[in-house]
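Below: the structure, in structure tokens.
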Amino acid sequence: MNIPSLSPRFVVLLILVCAVIFPVISQGEDMFSWFRKKKEVFLSPEVKGIVTENGQPVANLEIIRSLIYIDEKVHRDAAITDENGRFHFPKKTILSSIPNKLIAEHRVSQEIFIEREDGLTPLWVATQAGINEIPEYSKKLSFLNCQITDPHVVFEFKNQKNKYRNYVAQSICRWEEDFLPYKLLKNGKQYRINNYDLTDLTEI
């Protein structure tokens, strides 16, 4: 009786399967304990800012920060502007076992806004990729200079690791450098900002 020969590829595959299954059987659940270990996920750096209206500080205004990792749990806190219109949020991190998964698109939704009767006024809206701090985001959030009557814009800022792919965020706040606004949102309409000039608009 002829015994069919096994291909070298099948033999290698069989050895690999046995190498995985045997430790699992012999060690029980300990083999997968690393899946349950939690890693630190960076949600937001320390945030500082000031809110003004017509050049005057706005005191006793509630500012809300909402942070969502891919587990979809909302981490929400609030700060109140002081007599100088200034507010502050501490750095925020969480522990999660999700980073141990082999397939996961890590991202953090960051929103800082003023909730008013006529809607939300965005001080910062962005999606941060990964689970680690991104210095460019931290630099922007180190000081939000927010004139409450300024229009809501979508803007780019530089990605130091990839000069061909800038980061993107939305805000009514302004920065003196590394601030490239390209879209303006107002009264339900969208306008293209030509040459990053907020006075040169084209309705989309």
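The values are calculated or read from the model by the stated rules, or taken from the named source; none is laboratory data. All of these numbers come straight from a predicted model, not from anything done at the bench. Reconstructed Cβ throughout: ideal geometry from the backbone, glycine too, with neighbour counts over all protein chains shown.
Remarks
- Hey, Thr121 at pLDDT 95 or above and surrounded by fewer than 17 Cβ atoms within 10 Å (Cβ to Cβ) or not: no
- Residue check: Ala129 meets all listed conditions (1) surrounded by fewer than 17 Cβ atoms within 10 Å (Cβ to Cβ); (2) under 22 Å from Glu53 (Cα atoms) but one, namely (2).
- Taken as a whole, the condition of being free of Cβ contacts under 8 Å to residues at least 40 places away in the same chain and among the aliphatic types (A, V, I, L, M) applies to Val74.
- Taking the range 129-204 and the strands (runs of 3 or more DSSP E) fully enclosed by it, the elements with 2 or more residues that are in contact with a Cys (Cβ under 6 Å, 6 or more places away or on another chain) and in contact (Cβ under 8 Å) with a residue 12 or more places away in the chain are at 144-147.
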